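K.L.:
Attaching a single structure in structure tokens format; questions to follow.
The values are calculated or read from the model by the stated rules, or taken from the named source; none is laboratory data. Note that the structure is predicted; figures quoted are calculated from it, not measured. Here Cβ is always computed from backbone atoms with ideal geometry, including for glycine, and neighbour counts include all displayed protein chains.
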Amino acid sequence: MTTESMKALKIWQALPAETKRAVLGNVWCSECRTSVTICDYSAHLNGNAVVLQGFCAVCGHKVARVVEGCVPSVKKVRPVSAGLYIFDVWLWGDAKCTMKNRIIRKIQIPGAKSLYQFAEVITQAFDFDLDHCFGFYERRERHFFAGKAFEFFVDIGEEPTVSGAKGVKRTKVKQAFKSSGEKMIFFFDYGDSWQFEVELKEIKLAGKQSLKSIVLEKIGKAPLQYPPCEDDVEEE
Ligand SMILES: [Zn+2]
């Protein structure tokens, strides 16, 4: 027996007994011109299907039956990195934003989503509109950002503020965040300068049903993105 037919036989044998019985008793015989039971069969692989080759239990003529959809596709196995990424997102940039008065959104997002989609989820979680440019940055040094940087400017063909910055649409969450404990700054709106600290808390294996972005928990009340009585302060 070849390795291929060993494999085919294994796959066939792993099918539920009920399925096997139904297949074995329902094989077309060209000689009998009806469905018959196959006997003395062997299993073979043909692409994504197992093919049973044997003989008609009634007349002994050669018969075959293709059993489709039972070969597990190796390519479709989801890699571990396609898990769910759990983040704590802190809103900073306000003097009142202390530990006591914190504004946090616990967010779950599939690692395969882009940083652009992540930005959408974050801003929604704080009831903001994603109506300004933004970026994800490894760290801030005085008045400029440094380290890894991902900026929306790159996606729209504009000059990035950090040289070597990558786009947010072409970068996945799992490419920007590798392990729990990693932090980045989500900087939103270069005019109003909303600053969020984004910390990866955990990477969970995703079940089939749960590949969704969800706000898991809301701590603290988000400020209004556009306060009604904002003073017109000229910068510089
Ligand atoms: Zn027959």
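K.L.:
Considering E18, E31, which residue is part of a loop (DSSP other than H, G, I, E, B) and without any contact (Cβ under 8 Å) to a residue 40 or more places away in the chain?
P.N.:
Details: E18 fails: part of a loop (DSSP other than H, G, I, E, B).
Checking each option against the conditions leaves just E31.
K.L.:
Modelled with pLDDT under 55, more than 16 Å from the ligand (Cβ to nearest atom) and either closer than 24 Å to T19 by Cβ or of a type in the set (K, R) (or both), is that true of K76?
P.N.:
Working: modelled with pLDDT under 55: yes; more than 16 Å from the ligand (Cβ to nearest atom): yes; either closer than 24 Å to T19 by Cβ or of a type in the set (K, R) (or both): yes.
Answer is yes for this residue.
K.L.:
What's the number of the condition A112 fails, among (1) within 15 Å of S193 (Cα to Cα); (2) at pLDDT below 95; (3) of a type in the set (A, V, I, L, M)?
P.N.:
(1) is the only condition that A112 fails.
K.L.:
Out of all the residues in the range 40-64, which are within 13 Å of the ligand (Cβ to nearest atom) and either in contact with an Asp or Glu (Cβ under 9 Å, 6 or more places away or on another chain) or more than 18 Å from M1 (Cβ to Cβ) (or both)?
P.N.:
Once the filter is applied, which keeps residues that are within 13 Å of the ligand (Cβ to nearest atom) and either in contact with an Asp or Glu (Cβ under 9 Å, 6 or more places away or on another chain) or more than 18 Å from M1 (Cβ to Cβ) (or both), the range 40-64 yields G54, F55, C56, A57, V58, C59, G60, H61, K62, V63.
K.L.:
Among V173, V154, V168, which is the only one that is surrounded by 13 or more Cβ atoms within 10 Å (Cβ to Cβ) and within 15 Å of F87 (Cβ to Cβ)?
P.N.:
V173
K.L.:
When residues of the range 1-24 are filtered for being over 33 Å from the mean Cα position of the chain (by Cα) and basic (K, R), how many remain?
P.N.:
Residues that pass the stated criteria total 2.
K.L.:
Among the residues of the range 136-146, which ones are farther than 15 Å from Q175 by Cβ, in a strand (DSSP E or B) and of a type outside the set (F, W, Y)?
P.N.:
Across the range 136-146, the qualifying residues are R139, R140, E141, A146.
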